Amino acid sequence: MKRTLLIGAALLCISWAEAKVSLPQLFQSGMVMQRNKAIPVWGKADAGESVTIQFNKKQYTTTADANGKWRIDLPKMKAGGPYQLSVNDLVLDNVMIGDVWLLSGQSNIDVHIERVYPQYVQEVDNDENPQIRLFRVQNETATHGPKDDIRPTSINWKPLNKQNAWPFSAIGYFLGKRMFEKTGVAQGIIVNSWGGTPIEAWISADSLAKDYPMLIKRIAFYQNDNYIRAQMQANGEANRRWNELLGANDPGYAEVDCDDASWSQINQDDWSWRGTGSIWLRQHIQIDKAHAGKPARLLLGTLYDQDITYLNGKQIGSTGYQYPPRRYDIPEGLLQEGDNVIAIRFINKNGAVHFIPEKPYMLCFGDDRFSQNPMPKDVIPLGSTWKFHLGAEMPPCPGGDVSLQNQPTTLYNAVLYPLAPYAINGIVWYQGESNTGNPGPYADYLKKLIGCWRDTWQDQQMPFVIAQLANYDGRQQTGFPRPISYQAAPVNSSWAQLREAQRVVAKADPYAELAVLNDLGETVDIHPLRKKEAAERIGLCFDRLVYNNKVWLSPEVVAAEVKDGKVILTLDMPVQPGTLNEFELAGSDGRFVNAEATADANRITILSPFASPQKVRYAWKDNPLKANVRSISGLPMSSFELNINN
């Protein structure tokens, strides 16, 4: 009998342990919950188990359903905290009530504070705020339908400081600070992005099925786990073998005493090597006694594609792909008086190896060497001439990567659906670069995304801020090896078409706004660094959407008509007066030509070469550097294409 009782007690303990209530990954100590909205709290337990929440001196109870799921909606609350939230035996501390924002899209949301740090050194070094909490959703894909929860993450409601922000979204960081300064309440920033992903990956299958059945058939192809596993294994093995063969055939030229006298010379702004494998570049630099032995930072701009960089035979840095800026720190004692050698080993699997123009290439000294805004005072520029030698030429690497994150619905299933119904104040959507190759369906895709996300949260008035694509010369994506001339003649830009889709969708949606960023980009960099300024414009949009402030955003055209041989555009606000650039008109044949324009108050007058102009375009380029229509406060007008009322 005693043995039976012991066994029974042990089984009861196991039962209690198994019956433990669980919460989604979003619910952790340090979390921020949304003020002035009902706050859903949900999770899992044994079927029929009683679940009790205690929060802010009140108690709420429910029972898990037959599937072990439960949910309790806490009532609306004012901002405050810190509080303790307990769910049965689970206890979460330091919980705040404030505002929660979800930021999603591709790499321009993902760009970390580390990347933009040289633009904002003093601010990032000296700023911390425990009332701003950062949460980064861990990347994951799902092909078989929506998941219940996201994966554990290392940035889980961490307070804002330099250490926690370093690997966190720069736009998220600056938006949190901006909204805290405005409201004075705790801010929760949830970042859920994946570089290079198309919009289709973020939309539910139900939303795509009717109008895009081929996309659904495409994802069905990837619902075979054996196929996925085999392809990923084969891709990994191909890359491993390619790198192994490259290493075996590349003799290496990093040593200081390498004889490079007979090497050919190239100019970094006007050369190309179209092959696959590795090449070596070397440059000799002279260091005077005043700089010898001192720590420094080597700025190597941005390179295409991979590099391993050496100074005097010692590796000082490496980067595995084209986009990150090369900022390599040189330790004290490595630079010597007299001759020093920088050696770069480029590794390339496609395209043309090249330096990206218009980037800084220099050695920086002194305590301000980490800043690029302003640039350091003590610098030694690098020359544009390098010595060139082939390392090892290789055949193209066989590719079989399935890239599930680029397939329809996979990100909605894995990392969007599980976040709902966590109460949030608004959503930022910054994406589109990966869809510029086919911008035609983007407006429809974007409407479907907004619709299915609002359905997922069961909130048809969920505020959306659409961050419009910044200016960038899309020809850079082709691996173009030299500086690109400005496109003066009219061109049917795919980037402008996608910006127009973003503008049209935002204008038609009463709960959406467009943050115009067409002056914050960089000609040669798809990831512009001015993220604080972008976050400020996103914040202005939320001011209007969420707080009902009378905020002036970017100017918009409200009417277009022909009068006395001129096209007259009426705007919704006054703009800065003067001569305007980047306007185009088309006649009955649909062919656009450049047109002269001027601004006065809220009117733009365009001289027409046609008796009956039919259409007007503005800033219709990938990189409309000369566009200059601005509000009185300085916000730029979006690019657009409009029909003219004759």
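Go through the residues of the stretch 539-551 one by one and say whether even a single one is farther than 19 Å from P624 by Cβ, open to solvent by 50 Å² or more (accessible area, probe 1.4 Å) and touching an Asp or Glu at 6+ places or on another chain (Cβ under 7 Å). For the stretch 539-551, residues farther than 19 Å from P624 by Cβ, open to solvent by 50 Å² or more (accessible area, probe 1.4 Å) and touching an Asp or Glu at 6+ places or on another chain (Cβ under 7 Å): present. Taking the conditions (1) under 26 Å from D455 (Cβ atoms); (2) surrounded by 13 or more Cβ atoms within 10 Å (Cβ to Cβ); (3) free of Cβ contacts under 8 Å to residues at least 24 places away in the same chain in turn, A230 satisfies each one other than (1).
Inclusion of T570 among residues that are β-branched (V, I, T), in contact (Cβ under 8 Å) with a residue 12 or more places away in the chain and more than 30 Å from W194 (Cβ to Cβ) is warranted. Among the residues of the stretch 433-456, not a single one is in a loop (DSSP other than H, G, I, E, B), without any contact (Cβ under 8 Å) to a residue 40 or more places away in the chain and farther than 30 Å from Y323 by Cα. If the condition is being of a type outside the set (G, A, S) and open to solvent by less than 60 Å² (accessible area, probe 1.4 Å), then the stretch 58-74 contributes Y60, T62, W70, I72, L74. Per the listing R630, R591, R617, R603, the residue uniquely open to solvent by 40 Å² or more (accessible area, probe 1.4 Å) and under 29 Å from the mean Cα position of the chain (by Cα) is R630. Selection of strands (runs of 3 or more DSSP E) fully inside the stretch 353-406 by the criterion of at least 2 residues being buried (at least 19 other Cβ atoms within 10 Å of the Cβ) and of a type outside the set (D, E) returns 361-365, 385-394. β-branched (V, I, T), open to solvent by less than 50 Å² (accessible area, probe 1.4 Å) and closer than 18 Å to H389 by Cβ, is that true of I287? For I287, the condition - β-branched (V, I, T), open to solvent by less than 50 Å² (accessible area, probe 1.4 Å) and closer than 18 Å to H389 by Cβ - is not met. Applying the set (1) out of contact with any Leu (no Cβ under 9 Å at 6 or more places or on another chain); (2) open to solvent by less than 30 Å² (accessible area, probe 1.4 Å); (3) assigned to a strand (DSSP E or B) to A597 leaves exactly one unmet item: (1). Listed by first and then second residue, the pairs linking a residue in the stretch 280-295 that is among the aromatic types (F, W, Y) to a residue that is outside any strand (DSSP E or B), with Cβ atoms under 9 Å apart and 6 or more places separating them unless they lie on different chains, are W280/D250; W280/G252; W280/Y253; W280/A254; W280/C258; W280/D260; W280/W263. Candidates G145, G184: the one that is of a type in the set (G, A, S) and either farther than 25 Å from G98 by Cβ or touching a strand residue (DSSP E or B) at 6+ places or on another chain (Cβ under 6 Å) (or both) is G145. Filtered by the rule that a residue be among the small types (G, A, S) and in contact with an Asp or Glu (Cβ under 6 Å, 6 or more places away or on another chain), the stretch 170-202 gives S193, G195. How many of the residues making up the stretch 519-538 are farther than 26 Å from E181 by Cα, open to solvent by less than 30 Å² (accessible area, probe 1.4 Å) and out of contact with any helix residue (DSSP H, G or I) (no Cβ under 7 Å at 6 or more places or on another chain)? Counting residues in the stretch 519-538 that are farther than 26 Å from E181 by Cα, open to solvent by less than 30 Å² (accessible area, probe 1.4 Å) and out of contact with any helix residue (DSSP H, G or I) (no Cβ under 7 Å at 6 or more places or on another chain) gives 2.
Out of the stretch 81-107, which residues are in a strand (DSSP E or B) and on the phi > 0 side of the Ramachandran plot? Residues satisfying the conditions are G81, N94, G105.
Can you pull out every residue in the stretch 448-467 that is of a type in the set (A, V, I, L, M) and either open to solvent by 10 Å² or more (accessible area, probe 1.4 Å) or within 19 Å of the chain's Cα centre (by Cα) (or both)?
Step one: list which residues in the stretch 448-467 are of a type in the set (A, V, I, L, M), which gives 449-450, 462, 465-467.
Correct list: L449, I450, V465, I466, A467.
Restricted to the stretch 233-250, and to residues there that are open to solvent by less than 70 Å² (accessible area, probe 1.4 Å) and small (G, A, S), the residue that is nearest to W280 (Cα to Cα) is G247. On inspection, A220 qualifies as hydrophobic (A, V, I, L, M, F, W, C), open to solvent by less than 60 Å² (accessible area, probe 1.4 Å) and free of Cβ contacts under 8 Å to residues at least 24 places away in the same chain.
The values are calculated or read from the model by the stated rules, or taken from the named source; none is laboratory data. Just so it is clear, the model here is predicted, and its values are computed rather than measured. FYI the Cβ positions are ideal-geometry reconstructions off the backbone, even for glycines, and counts take in every protein chain you see. For accessibility, only protein heavy atoms count, side chains too; no ligands or nucleic acids. Shrake-Rupley method; radii C 1.70, N 1.55, O 1.52, S 1.80 Å.
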